[in-house]
Amino acid sequence: MNELRRLDLPAAPPATRPPRGMNALLPARLAWRQLRAERARLFTAIAGVMFACVLVFMQLGFRAALFDSATALPQAMHGELFLVNPMTTAMFKPEQFPRVRAFQTLADPDVAQAVPIYLSFATWRNPETGVRRTIELIGFDTATGAVAFPGLENVIEALKRPDTIAFDRKSRPEFGDVPRLLAERGPFEVQIADRRLEIVGLIEIGPSFGADGNAVMSETNFRRIIGQRKSSNTDLVALRLSEGADIPAVQARLRRLLPADVSVVTYTELVAWERDYWENATPIGFIFMFGSLMGLVVGMVIVYQILFSDIASHIPEYATLKAMGYAHAYLRRAVMSAALLLAVLGFIPGLLTSIGLYEVVASATFLPLEMDLNRGATVFCMIFAMCAAAGLLAVRKLRDANPADMF
Amino acid sequence: MASANVPVAIEGLAYAYGEGELRRPVLRDINLSIHAGEIVLLTGPSGSGKTTLLTLIGALRAMQEGQCTVLGQQLLGATEDQRVLLRRRIGYIFQQHNLLGFLTARQNVAMSLELDPGSTEAERLARAGAMLEAVGLADRADAPPSQLSGGQRQRVAVARALAGTPGLILADEPTAALDRVSGQEVVHLLRDLARSRGVPILLVTHDPRILDIADRIIEMEDGRITSGQPVD
């Protein structure tokens with residue numbers, strides 16, 4: 001009995017505190033020990049979170065890449081401010097407005113240059129097969145530098161000649177293999193609408209949702225092809241401001257100067273305008289959100305299943321803990337800790353896998369997929385919320401751990 | 001009224017399951033006191049209400065009728081928080097050991113000490129180790145329950161119940177899952193540890209082989225205490 005006497009430690013202080021205020025990390029440690037004990041279950045859960053993570057990353061990546069390519073045209077514009085008809089919803093179907101608005105802006109001392117840009121569609125005949133397809137025509141004074149399509153600098157002089165165009169080398173293959181023909185034959189003639197035009201070079205824009213292919217030409221050549229259009233109307237005006245001009249101030253002055261038939265927008269606003277159309281006025285944004293949501297739902301169900309079965313297989317033990325004086329809230333915290341641990345443990349490999357997949361997809365397609373901090377943070381928040389929701393659902397199972405039923 | 005000298009004082013306790021037409025009384029007019037250091041066995045046929053009485057004393061169930069004071073806490077009308085606090089001062093031993101399979105024996109015992117917000121991890125593990133030594137399992141302290149025999153597991157459960165220096169020990173058929181020898185070992189260990197600290201034990205059992213540890217045997221039938229004479 002001597003060894004027993006050694007155990008007669010001072011009695012625990014009378015418990016007067018409510019069952020809170022315990023070391024906050026103890027439930028998390030309990031959760032971690034429980035997760036760690038069942039390796040197979042832990043890896044299933046991590047794989048589930050990882051799956052959701054990769055799916056969401058891919059959906060968001062594709063979405064951003066498609067929107068980027070959809071806004072390739074406005075993104076290629078070089079200008080600080082732009083004039084757009086307020087009724088224009090997207091670049092591929094612009095509403096016209098009087099070209100005189102462009103010249104009016106020159107009244108402002110900070111506007112150095114105002115370049116009208118003309119946009120229209122016409123039928124293109126594939127030079128190899130003769131099959132017709134609709135191509136987007138972009139006409140502007142190519143010498144002004146208001147639009148910066150890669151490759152344009154090489155063809156500026158050539159485009160000044162009558163009936164010449166530069167072809168977008170990233171146009172879909174249905175337009176014919178123009179780069180190869182050009183390399184073989186040199187400049188050659190193609191048919192657009194009812195005219196024969198000479199392809200004098202290649203530029204790069206890329207197909208978008210609105211246009212499968214593009215051709216760039218001078219303002220005059222544009223008018224020759226699109227004859228029925230009122231020549232005093234334009235579709236978009238790019239404004240170059242003088243060095244060091246205060247863009248918002250000029251924007252405000254022009255807003256006061258010009259009538260309500262044009263909107264004055266910055267470069268960022270122009271790109272966002274185009275993007276908003278594809279995101280909100282088409283089902284594309286919804287489709288990707290739906291895909292992301294499905295990933296999160298599947299992930300949540302997996303995490304829920306794991307947490308649920310973890311609780312279900314430990315009901316007597318949890319009930320015993322309650323009989324020992326553990327509050328329900330303590331066990332709830334343990335389950336929520338397990339959920340959030342899974343979020344972190346699944347996110348890390350999910351992120352690494354996604355970075356790898358982005359590279360694979362980007363090299364296999366034209367889509368510009370890149371991981372950025374913002375998207376990483378967004379997805380982490382989504383995964384965290386997903387696991388928290390699964391935890392909240394699973395916590396209800398703890399009600400079954402009733403110590404009164406234990407005896 | 002009951003003082004701290006009388007760890008359990010019950011007067012006129014009644015309890016029923018179900019409501020309305022389905023209401024089925026399981027305990028009627030229970031009067032019972034357990035004194036400091038006393039070892040009381042509760043026996044009786046199944047359905048006699050002894051387990052329900054144990055869960056009421058253990059603050060695992062809300063009281064319905066009568067007076068029941070356990071370790072100075074009146075249980076009639078006690079809140080959930082008050083009951084949770086009282087449970088921390090009671091040591092429980094179940095028919096099944098109910099140890100957490102993912103923790104070692106020592107960690108399992110330490111779980112009953114983690115409820116004391118003033119203790120450090122080192123203190124808890126040291127005390128848990130000392131407790132395991134007292135039940136003769138010093139060398140198995142770091143084994144998970146799956147590597148212990150049934151009797152060893154139940155001894156870990158005894159260590160866990162006693163580690164928190166409880167004012168009362170409640171046990172429900174602690175020997176039912178054990179063979180005769182291990183069962184005897186466990187209850188004698190329990191008796192010795194409780195005696196050395198003056199902790200009263202209320203033990204529900206069907207097992208005639210362990211009646212010898214009792215100071216008093218109470219028999220229940222049909223929700224009433226039919227006899228409660230002291231042993232010897």
Give me the strands (runs of 3 or more DSSP E) completely within the stretch A:134-248, filtered to those with at least 3 residues that are farther than 21 Å from A:Ala76 by Cα and free of Cβ contacts under 8 Å to residues at least 40 places away in the same chain, ordered by residue number. A:195-203
Identify, from the list B:Ala194, B:Ala171, B:Ala176, the residue that is within 12 Å of chain A (Cβ to nearest Cβ) and under 19 Å from B:Met111 (Cβ atoms). B:Ala171
Just to be sure before I move on: is A:Glu204 under 30 Å from A:Leu241 (Cα atoms), modelled with pLDDT under 90 and under 26 Å from the mean Cα position of the chain (by Cα) in the structure I sent? yes
Considering only the stretch A:270-283, how many residues are in contact (Cβ under 8 Å) with a residue 60 or more places away in the chain and either surrounded by fewer than 17 Cβ atoms within 10 Å (Cβ to Cβ) or in contact with a Cys (Cβ under 7 Å, 6 or more places away or on another chain) (or both)? 2
Could you check the stretch A:22-109 for helices (runs of 4 or more DSSP H) lying wholly inside it with 1 or more residues that are at pLDDT 90 or above? A:25-37, A:39-70, A:100-105
How many residues does the stretch B:79-127 contain that are closer than 15 Å to B:Gln152 by Cβ and small (Gly, Ala, Ser)? 2
Out of B:Val70, B:Val109, B:Val135, sole residue that is under 20 Å from A:Leu25 (Cα atoms), in contact with a Lys or Arg (Cβ under 9 Å, 6 or more places away or on another chain) and hydrophobic (A, V, I, L, M, F, W, C): B:Val109
Confirm whether A:Gln113 is surrounded by fewer than 18 Cβ atoms within 10 Å (Cβ to Cβ), in contact (Cβ under 8 Å) with a residue 40 or more places away in the chain and under 16 Å from A:Asn221 (Cβ atoms). no
Considering only residues of the stretch A:313-338 that are in contact with a helix residue (DSSP H, G or I) (Cβ under 9 Å, 6 or more places away or on another chain) and part of a loop (DSSP other than H, G, I, E, B), which is nearest to the other protein chains (Cβ to nearest Cβ)? A:Gly325
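Just one of B:Ala122, B:Ala110, B:Ala143, B:Ala59 is assigned to a helix (DSSP H, G or I), out of contact with any Pro (no Cβ under 7 Å at 6 or more places or on another chain) and modelled with pLDDT of 90 or more; which is it? Break it down stepwise before answering.
On the way: B:Ala122 fails: modelled with pLDDT of 90 or more; B:Ala143 fails: assigned to a helix (DSSP H, G or I); B:Ala59 fails: assigned to a helix (DSSP H, G or I).
Checking each option against the conditions leaves just B:Ala110.
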Would you say B:Leu32 is in contact (Cβ under 8 Å) with a residue 40 or more places away in the chain, assigned to a strand (DSSP E or B) and within 18 Å of the chain's Cα centre (by Cα)? yes
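Report yes if some residue within the stretch B:98-110 is within 16 Å of the chain's Cα centre (by Cα), buried (at least 23 other Cβ atoms within 10 Å of the Cβ) and among the polar types (S, T, N, Q); otherwise report no.
Scanning the stretch B:98-110 turns up at least one residue that is within 16 Å of the chain's Cα centre (by Cα), buried (at least 23 other Cβ atoms within 10 Å of the Cβ) and among the polar types (S, T, N, Q).
Which residues, taken from the stretch B:86-100, are part of a loop (DSSP other than H, G, I, E, B) and more than 7 Å from chain A (Cβ to nearest Cβ)?
B:Gln95, B:His97, B:Leu99 - these are the residues of the stretch B:86-100 that are part of a loop (DSSP other than H, G, I, E, B) and more than 7 Å from chain A (Cβ to nearest Cβ).
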Residues (without any contact (Cβ under 8 Å) to a residue 40 or more places away in the chain, of a type in the set (A, V, I, L, M, F, W, C) and over 21 Å from A:Met324 (Cβ atoms)) located in the stretch B:41-82: B:Leu76
Being farther than 21 Å from A:Gln75 by Cβ, polar (S, T, N, Q) and either within 14 Å of another protein chain (Cβ to nearest Cβ) or within 27 Å of the chain's Cα centre (by Cα) (or both) is the requirement here; does A:Thr282 meet it? no
Taking the stretch B:179-191 and keeping residues within 14 Å of chain A (Cβ to nearest Cβ) and either free of Cβ contacts under 8 Å to residues at least 12 places away in the same chain or buried (at least 24 other Cβ atoms within 10 Å of the Cβ) (or both) leaves B:Leu190
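The values are calculated or read from the model by the stated rules, or taken from the named source; none is laboratory data. Worth saying up front: this structure is predicted, and the values here are computed from it rather than measured. No Cβ is skipped: glycine too gets one built from the backbone with ideal geometry, and neighbour counts run over all protein chains shown.
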